[in-house]
């Protein structure tokens, strides 16, 4: 199958009818009603430019994170901030821990940065280990690390993360993508403390994933350095965050029990999905996040599964374009139980059809 002209990410529901979307790894509880209402109400105020400094949202985040607002940059999703960081800091050589989100390499490639991959081991369940430290040589300017990692779902060990932070202090920008951490079990204990970031550390977060609002586009970065934050803020367009997105973010920060309820649901349903796909003969890798990585014996089986599910209006994410994976791997988002049941039933029919 030729995928070179395909859309490269999950969540593409345009052109093909999709009833259940397991390709986009969002909070399975869906957008909170308070967030939805805030965005709707703010649409009536969209006859004026948005606040380019996102003052109210920044102040709310500042209070919640206990860091100065001058160390926070809000963007049009985490993706926007990835490109801003790269364009502002212009690394000449970077290390990316792979397989991982493909936009890190895309952003770095756009500025001609030399990229070195640190490949995670399938035999080790794609768990990050201390061999990554060997890649952090004196000629490296930037390290991209995702925790929980997309698409593997694994959290970085806190002790190892401390060692990585220490190794980067000598002049390597550590860009730590924590966009899924609020939906992960024990995520808080695996996260860097925003108050204690050193001048070379940048942490990315996304309202998009946590509050299931990808159509509104909203993310933020927390910097250890105020000067770096200013450089990144100036590297993007002036009005990058819309009026509805800012209002939605403010409302989202008022949701207290939502993420805790989501984590409980995710843990339960992730176990259900993992057991279901193992029973069908697929390999399921350990995950701490709101999605699981699976693989088939060969690419043909994965493709037949993908096409069979698509015929029933169900989308999953084939991992063909993740460096270090390939077409026999696929990622499944954790959804509400009724949808997960529908997915397992449809997958059973697919497997039965090719076993006849």
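The values are calculated or read from the model by the stated rules, or taken from the named source; none is laboratory data. Because the structure is predicted, anything quoted here is derived from the model rather than measured. Cβ placement follows ideal geometry from the backbone for every residue including glycine, while neighbour counts extend to all protein chains displayed.
Considering (1) free of Cβ contacts under 8 Å to residues at least 40 places away in the same chain; (2) in contact with a helix residue (DSSP H, G or I) (Cβ under 9 Å, 6 or more places away or on another chain); (3) surrounded by fewer than 21 Cβ atoms within 10 Å (Cβ to Cβ); (4) within 23 Å of residue 198 (Cβ to Cβ), the lone condition that residue 136 does not fulfil carries the number (1). For beta carbons closer than 8 Å, sequence separation of 6+ or different chains, a first residue in the stretch 49-64 that is free of Cβ contacts under 8 Å to residues at least 60 places away in the same chain and a second that is assigned to a loop (DSSP other than H, G, I, E, B) and surrounded by fewer than 15 Cβ atoms within 10 Å (Cβ to Cβ), the qualifying pairs are 62/68.
Give the residue that is farthest from residue 223 (Cα to Cα), with candidates limited to residues of the stretch 177-186 that are in contact with a strand residue (DSSP E or B) (Cβ under 6 Å, 6 or more places away or on another chain) and part of a loop (DSSP other than H, G, I, E, B).
So in the stretch 177-186, the residues in contact with a strand residue (DSSP E or B) (Cβ under 6 Å, 6 or more places away or on another chain) come out as 177-179.
From what's left, part of a loop (DSSP other than H, G, I, E, B): 178-179.
Values: 178: 13, 179: 15 Å.
Restricting to residues being in contact with a strand residue (DSSP E or B) (Cβ under 6 Å, 6 or more places away or on another chain) and part of a loop (DSSP other than H, G, I, E, B), the top hit is 179.
So if I check each of 310, 263, which one is surrounded by fewer than 21 Cβ atoms within 10 Å (Cβ to Cβ), in a helix (DSSP H, G or I), within 16 Å of the chain's Cα centre (by Cα) and touching a residue at least 40 places away in the same chain (Cβ under 8 Å)?
Details: 310 fails: within 16 Å of the chain's Cα centre (by Cα).
Of the residues listed, the single one that is surrounded by fewer than 21 Cβ atoms within 10 Å (Cβ to Cβ), in a helix (DSSP H, G or I), within 16 Å of the chain's Cα centre (by Cα) and touching a residue at least 40 places away in the same chain (Cβ under 8 Å) is 263.
Return the residues of the stretch 153-176 that are surrounded by 19 or more Cβ atoms within 10 Å (Cβ to Cβ) and in a loop (DSSP other than H, G, I, E, B); say none if nothing qualifies. Result: 153, 154, 155, 156, 172. The numbered conditions (1) in a loop (DSSP other than H, G, I, E, B); (2) out of contact with any strand residue (DSSP E or B) (no Cβ under 7 Å at 6 or more places or on another chain); (3) more than 21 Å from residue 29 (Cβ to Cβ) are all true for residue 189 except (1).
The set of residues from the stretch 96-121 being free of Cβ contacts under 8 Å to residues at least 60 places away in the same chain and farther than 19 Å from residue 206 by Cβ comprises 108, 109, 110, 111, 112, 113, 114, 115, 116, 118, 121.
Counting only residues that are surrounded by 18 or more Cβ atoms within 10 Å (Cβ to Cβ) and not in a helix (DSSP H, G or I), how many does the stretch 194-213 have? Break it down into steps so the answer makes sense when it comes.
The initial filter retains those residues of the stretch 194-213 that are surrounded by 18 or more Cβ atoms within 10 Å (Cβ to Cβ), namely 194, 197, 200-213.
Narrowing the set further to residues that are not in a helix (DSSP H, G or I) leaves 197, 200-206, 211-213.
Qualifying residue count, the stretch 194-213: 11.
For the stretch 83-108, the candidate set comprises residues that are closer than 25 Å to residue 213 by Cβ and in contact with a strand residue (DSSP E or B) (Cβ under 7 Å, 6 or more places away or on another chain); within that set, the residue that is surrounded by the fewest Cβ atoms within 10 Å (Cβ to Cβ) is 101. You will find that of 84, 60, 40, the residue that is over 27 Å from residue 197 (Cβ atoms), part of a helix (DSSP H, G or I), at pLDDT 95 or above and not assigned by TED's automatic domain parsing to the domain that holds residue 344 is 40 and no other.
Results for (1) assigned by TED's automatic domain parsing to the domain that holds residue 97; (2) outside any helix (DSSP H, G or I); (3) surrounded by fewer than 19 Cβ atoms within 10 Å (Cβ to Cβ); (4) modelled with pLDDT of 95 or more, shown as yes or no for each residue.
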position: 267; (1), (2), (3), (4): no, no, yes, yes
position: 278; (1), (2), (3), (4): no, no, yes, yes
position: 289; (1), (2), (3), (4): no, yes, no, yes
position: 321; (1), (2), (3), (4): no, yes, yes, no
position: 332; (1), (2), (3), (4): no, yes, no, yes
position: 348; (1), (2), (3), (4): no, no, yes, yes
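Quick check, is residue 271 part of a helix (DSSP H, G or I) and surrounded by 23 or more Cβ atoms within 10 Å (Cβ to Cβ)? No; evaluated as a whole, the condition is false for this residue. For the stretch 334-345, which positions are touching a helix residue (DSSP H, G or I) at 6+ places or on another chain (Cβ under 6 Å) and either under 30 Å from residue 119 (Cβ atoms) or crowded, with 21+ Cβ neighbours inside 10 Å (or both)? Within the stretch 334-345, 334, 340 qualify.
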